[in-house]
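Take a look at the structure below.
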Amino acid sequence: MSRTVEPAAMEPALARRTFLKGLATAVTAPALLAACSSDDTSSDKTPAKGDPNAPADLSFWTWTTNIEKVVDIWNQKNPTQKVTVSRQAQGEDEITKVITAHRAGNAPDLIHAEYQALPVLITNGVAADLSSLAAEVKSAFTDGTWKLVSFGGKTYGIPQDVGPMMMYYREDLFTQYGLQVPKTWDDFAATARQVRQKAPNQYLATFSSGDPGWFAGLAEQAGANWWVNDGGTWTVSINDASTKKVAQFWGDLVNQGILSGKPMYTPEWNKAMSDGTLLAWPSAVWGAGVLEGVAPSTKGKWKMVPMPQWDAGTPATGYWGGSATAIWAKSPHRAPAEKFVKWLNTDPEALDGMISAGGIYPAATAGQSAPSLSKAPNMMPNQPAFFADAAEISKTARGFSWAPNVNVTYSNYSDIFAKAIQSKSDFGAAVDQLQTASVADLKKQGFQVKS
Amino acid sequence: MRRTSAPYVFVAPAVILLAIFLLVPIGYTVWLSLRASRVTGDGLGLRHEVFVAFDNYKSVLTAPDYVHGLLRMLGYGAIVVPVMLGLALSFALLLDVPRVRLTRFSRISIFLPYAVPGVIASLLWGFLYLPGVSPIRDAASALSLPVPDLLSPNTVLFSVANIGIWGGVGFNMIVLYTAVRGIPQELYDAARVDGASEVQIALRVKLPLITPALVMAGVFAIIATLQVYNEPATLAPLSDSISSSWVPLMAIYRDAFVNNDIYSAAAASVVLALGTLVVSAAALRVLQKRAFGLDR
């Protein structure tokens, strides 16, 4: 675990701390030796006191498209604090790699992580507590967004991008069949029935067993919050009334053949999105980019609207996707890393770069009205105010908190719902199974779970 | 002194390589399989690695998904091994019949699918199977035949097995064909003098003489069955019929790299490796007597 002493450590305050830590290590050495093969879990919870302008070489694992262009801006402005981007993997795979690298003592200073992956990083001692930075940047984000990086009153990442959910529908086909855009989920069900009557080979939408994050977003919209941590004890409510309502709503329609039950992101789905087999897609703000990839021939035919509502009086939406930047708990360049993370996610120039080069939808509220968002996405020339509409919808996103076993819960979701769709069984029961599986796993791992 | 050390020097490279790249990793896997990550502390808690003895083995052997995966894998093997070897043997014998035309062309076209990587083969077949884009279904409905759902829960095992067979027949055919070509011509002459037909020559002369090659191909096919992963893992995201633990290797991958539980994955790997060892040893023992009995 010993790392070469970087110039930053020469700074007096830090040098003293290092010395004290060394002393502490010497005293507790026998105890540590006894446990040397186990994970090194001593995480430094003291806030960064280093010099944010100290020279440093920062490594950054991320998968954001063209982020190099944004990092270049930083590197030109901060020649002594060079950030090096490394594309190790995406999403979940990157988290697995980061945890492995953490065990080996060479994780990157800066970690790009999806919101639901943060608890896994925290409980493995990988992500640093950024509460000291939080006070400075919190006001740049909505409360809903901030909830995504807050755990037990502490902050472990700074939001980079968000995916507030919104619905895309085929304007041309809706006109052709004389359909109304559904404002509530009841309308949505009625419209789904009309579609089946008017075009027996087409469906309003599909329920996907392959996208647990999508289902979590739908549940979030209905008011669910699956995980709450109170003083170290977890309360798991995956099968609460809101989630069951959502599951049973979709389950009834899928089992009656009114909605499709085929997974998204397959060649079959691509075809269904191109040829009009599916008329609508409850998705997120980044959905326009996906449409461009899977159904380029439908350019200009889609329109984006708020999600159908459970309660038309209080519009709400959920998040599907989005990510934050975390800092490695053992990074020797804590202060410069914090400086970079703050710049990347709140500086107008950085946000503008990420929007125009990376195509992300920024988490910072200032970024959501950035000049680079004045033009609609390529697929939506018929909706020039796309991003203005999106910013309005974004304000209604609820926020959600995640557990350290989201990965296990998600892989269970796929298996359980795939089975429910095939056997045409009750989706409410599937949600119960998901709850049981998730709780059993948390308990197995040794977490305190309130029953 | 020098005389006695010489053998050790000669075997040292092999032993050292074996130790570094085989024994140490196996030992480490066994070590990991006896450990687990458990959470302690307040707040969200922190994960620690602890010793749990045989807990992982207990949960692997009692977990329904591992057991079902194991059964499914056996079912897959029961389809793939006989069908693949049967086809390979038939092709090898047919191609060796005198006066058969286009042997070179047939041999290459039967062999070609083996050159297609498993993942790509699975993607190709995935497109053929997927209801929305399947030309097989289009053809069936155009001919007003019953339209098959090739990825339904009842058919998916056969669909996956089909990919394995498609990819494996060519290789096994070449192995058996080479063995057939190695048989001395005089034996055929003798058989013909005795009045044997081509069918009789194939079944009574060629088949017994290539049995050792058939046994070898069989053992390899069984081992390949235990390692089946590419085909179902590639098809899994396309279909609701293939779960994340459809075969044991998929469950191991999920535990290690999706669920971040490398310890359960290690235990399952040890179980699978031991199973492979036992099955291959048993298959060899049973078949060896018949195949190589004359050589002893």
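Remarks
- Cα lying deepest toward the dipole's positive end in the protein assembly as shown, options A:L121, A:F151, A:W185, charges on Cβ: A:L121
- Cα point-scatterer Debye curve for the stretch B:168-296, base-10 log of I(q)/I(0) at q = 0.11, 0.16 Å⁻¹: -0.60, -0.90
- Cβ crowding within 10 Å ranks A:W281, A:W74, B:W31 as B:W31, A:W74, A:W281, fewest other Cβ atoms first.
- For the protein assembly as shown, the mean projected area of the C-alpha convex hull, equal to one quarter of the hull surface, is 42.7 nm².
- The dipole here belongs to the stretch B:60-291: it is taken about the Cα centre, uses +1 on the Cβ of Lys and Arg and -1 on the Cβ of Asp and Glu, and is about 700 debye.
- For residues of A:412-424, the mean tally of beta carbons on other chains within 10 Å: 3
- For the segment A:118-130, counting C-beta atoms of other chains within 10 Å of every residue's C-beta and taking the mean gives 2.
- Computed extension gain for B:K289 through B:Q227, at 0.36 nm per residue and net of the alpha carbon distance, reaches 19.7 nm.
- Restricting attention to the protein assembly as shown, close to 70% of DSSP beta bridges with both partner residues there are antiparallel.
- Packing order of peptides A:102-108, A:417-423, highest average first: A:417-423, A:102-108 (average count of other Cβ atoms within 10 Å over each peptide's residues).
- Rounded if a/c under 1.5, otherwise prolate or oblate - the stretch A:281-369, Cα gyration tensor axes: prolate
- Each Lys and Arg Cβ is given +1 and each Asp and Glu Cβ -1; about its Cα centre, the stretch A:124-267 then shows a dipole of about 440 debye.
- Using the Cβ of A:D143 as centre and a radius below 15 Å, the other residues enclosed give a net charge of +3, where K and R count +1 and D and E count -1.
- Mean residue ellipticity at 222 nm, helices only, chain B: -21000 deg cm²/dmol; runs of at least 4 DSSP H residues each add -39,500 (n - 2.57), and the sum is divided by the number of residues.
- Residue mean of other protein chain beta carbons inside 10 Å, B:122-133: 3
- When the P(r) of the stretch A:157-211 is calculated, the portion above 17 Å amounts to 47% of the C-alpha pairs.
- Peptides B:214-225, A:154-165 ranked from most to least packed by the mean count of surrounding Cβ atoms within 10 Å: A:154-165, B:214-225.
- Lys, Arg +1 and Asp, Glu -1 on Cβ, resulting dipole of the stretch A:351-450 about Cα centre, debye, nearest 20: 240
- Helix A:348-358 and the long axis of chain A differ in direction by around 60°, with both axes built from C-alpha atoms.
- Chain B: projected area of the alpha-carbon convex hull, averaged over directions, in nm²: 25.5
- Sorted peptide list for B:132-145, B:15-28, criterion being average Cβ within 10 angstrom, highest first: B:132-145, B:15-28
- Projecting the Cα atoms of B:P232, B:P131, B:A282 onto the dipole axis of the stretch B:60-291, where Lys and Arg carry +1 and Asp and Glu carry -1 at the beta carbon, places B:A282 farthest toward the positive end.
- Taking the square roots of five times each eigenvalue of the Cα gyration tensor of the stretch B:11-59, the equivalent ellipsoid has semi-axes of 34, 13, 6 Å, listed largest first.
- Dipole of the stretch B:60-291 [Lys/Arg +1, Asp/Glu -1 at C-beta], most positive-end residue of B:V83, B:L203, B:F111: B:L203
FYI, it's all coordinate maths here, none of it is from the lab. Keep in mind that this is a model prediction, so the values were computed, not measured. Neighbour counts run over all protein chains shown; Cβ positions are idealised from the backbone, glycine included.
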